[in-house]
Every structure is written in C-alpha cells, then in structure tokens.
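All remarks here apply to the structure that follows.
The values are calculated or read from the model by the stated rules, or taken from the named source; none is laboratory data. What you see is a predicted model, and the numbers here were worked out from it, not measured in a lab. Cβ placement follows ideal geometry from the backbone for every residue including glycine, while neighbour counts extend to all protein chains displayed. Ligands, DNA and RNA are stripped out before the accessible areas are found, and what is left, the full protein with its side chains, is counted by its heavy atoms. Shrake-Rupley method; radii C 1.70, N 1.55, O 1.52, S 1.80 Å.
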Amino acid sequence: QVTLVESGGGLVQPGGSLRVSCTASGSVDSVYVTAWYRQAPGKQREFVASISTGNSITYADFAKGRFTISRANVKNRVDLQMTSLKPEDTAVYSCKHSDSRAKFWGQGTQVTVSS
C-alpha cells in the first residue's frame, strides 16, 4: 500500500506562481510513475503532467511552458511548479502513483486562481 499526501495548494492571483507537492509513503517501489491530474468544478478530471523514476516527463498541452514537474530532493516527493497561472487553472490537483502492482491516489489539494 502506498499513501499519497498532496500539499501546497492555496489562493494565488492571476499571473502568479504556486508549487504543489506529492509525497509518497508506505510500500514505495523503486520503479513508478507519478502523475498530476486536476479537476475543476463541473468538469472531468484531466491529466496535467507525469514523471517516471527514470525521469521521463510528459505534459498536457496546456501545461507546456508554464508548469514544471520534478523530483524533489526529499525522498519520494514530486513537485509541480506552476507559473503564469490563470483563473481556468482553478481546480483540485491530485497526484497518482502507478507501479507494477497498482495505482494509488491522493486526496487532492485545492488551487484557486483569483484576484
């Protein structure tokens, strides 16, 4: 079992930046993929970005150039740095941990972009 905890959400003004983090604990395998998803009110959940333990990175089109996913210097933590935020980026951001055994989800963290 892997437990995921997201942190770092909050309120930010349009054009601002915010970093959200996903920390995995428990039976964390040595090979896995961490992905960020988001879900805005009334919309379907959508993929944001992912990073593998081999540092293979993928971004959704809307995230390219504005968001950066990376492995933190803290063990089993993945960060999503978001810049040039727009009101349409407002959503609950959740991370997903996928390994050879299963997929695990965190509870999510709210990101609100508003003036």
* Structure fact -> Within the range 19-48, the residues that are within 18 Å of residue 110 (Cβ to Cβ) and under 12 Å from the mean Cα position of the chain (by Cα) are 19, 20, 21, 22, 23, 36, 37, 38, 39, 46, 48
* Asked: Scanning for something touching a Leu at 6+ places or on another chain (Cβ under 7 Å) and part of a loop (DSSP other than H, G, I, E, B), does the range 65-87 turn up at least one residue?
  -> yes
* To do: Kindly provide the set of residues from the range 2-52 that are in contact (Cβ under 8 Å) with a residue 40 or more places away in the chain, part of a loop (DSSP other than H, G, I, E, B) and on the phi > 0 side of the Ramachandran plot, ordered by number.
  => 8, 15
* From the residues in the range 59-93 that are within 14 Å of the chain's Cα centre (by Cα) and within 15 Å of residue 24 (Cα to Cα), which one is most open to solvent (accessible area, probe 1.4 Å)? -> 71
* Give the residues of the range 94-109 that are open to solvent by less than 50 Å² (accessible area, probe 1.4 Å), closer than 15 Å to residue 26 by Cβ and assigned to a loop (DSSP other than H, G, I, E, B), sorted by residue number. => 99, 102, 106
